[in-house]
1. Tally Lys/Arg at +1 and Asp/Glu at -1 over every other residue whose Cβ is under 15 Å from the Cβ of Met45; what's the total?
2. In terms of modelled amide H atoms, which long-range or inter-chain residues lie less than 5 Å from the amide H of Gly36?
3. Rounded to whole Hz and in sequence order, give me ³J(HN,Hα) for segment 21-36 from the Karplus expression 6.51 cos²θ - 1.76 cosθ + 1.60, θ = phi - 60°, writing x for Gly and Pro.
4. Are there any trypsin sites (Lys or Arg not before Pro) in segment 3-89 that are in a DSSP loop and have at most 12 other Cβ atoms within 10 Å? List them by number.
5. Could you give the semi-axes, largest first, of the ellipsoid that matches the chain, computed as the square roots of 5 times the alpha carbon gyration tensor eigenvalues and rounded to whole Å?
6. Extending each Cα 7 Å along its Cβ direction at Ala87 and Val8, get the distance between those two points in nm, one decimal.
Amino acid sequence: MPRTLALVLAGAGMAVCGTIMQMLARNRFVEPSTTGTVEAAGLGMLTTLLIAPDMPVFVRMLVAAAFALAGTSIFLAILRQVPLRSAVMVPLIGIMLGGVISAVTTFFAYRYELTQSMVPG
């Protein structure tokens, strides 16, 4: 029962995050995974592995959340600067930003031999 409740609460939290993201971007195709938020959180995790590998899991989670918030802020700042002619441009910009952040994360993970630590699962 506790695991089921945790899954339901996590799903509800993700749904709320997606709705807030859509409202901020004023686009119904936007979600955290298409705006670079997930990739920014991964960069935060890599940063904690590089700077303080013995950091507690809760602190790593807070750092990853801060990086995710920063990544979302960068996405929204880019959206303010780009004139949008189509609704498809918003998620496309997010996917490109996510790709850049992912490339930087992969580079540093490869450079410091932490690629196995960055693979989910």
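Coordinate-derived values only; no laboratory data. These numbers come from a predicted model, not from an experiment. For neighbour counting, all protein chains shown are included, and Cβ atoms are generated from backbone atoms with ideal geometry for every residue, glycine included.
1. Net local charge, Met45 excluded: -1.
2. The list, which skips near neighbours in sequence, is Gly98.
3. Whole-Hz 3J(HN,Hα) from phi for segment 21-36: 4, 5, 5, 5, 8, 6, 8, 7, 8, 8, 8, x, 7, 10, 10, x.
4. For trypsin sites (Lys or Arg not before Pro) across segment 3-89 that sit outside H, G, I, E and B with at most 12 neighbouring Cβ atoms in 10 Å, the list reads Arg26, Arg28, Arg85.
5. For the chain, the semi-axes come out at 26, 21, 11 Å.
6. My value for the distance between the label points is 3.3 nm.
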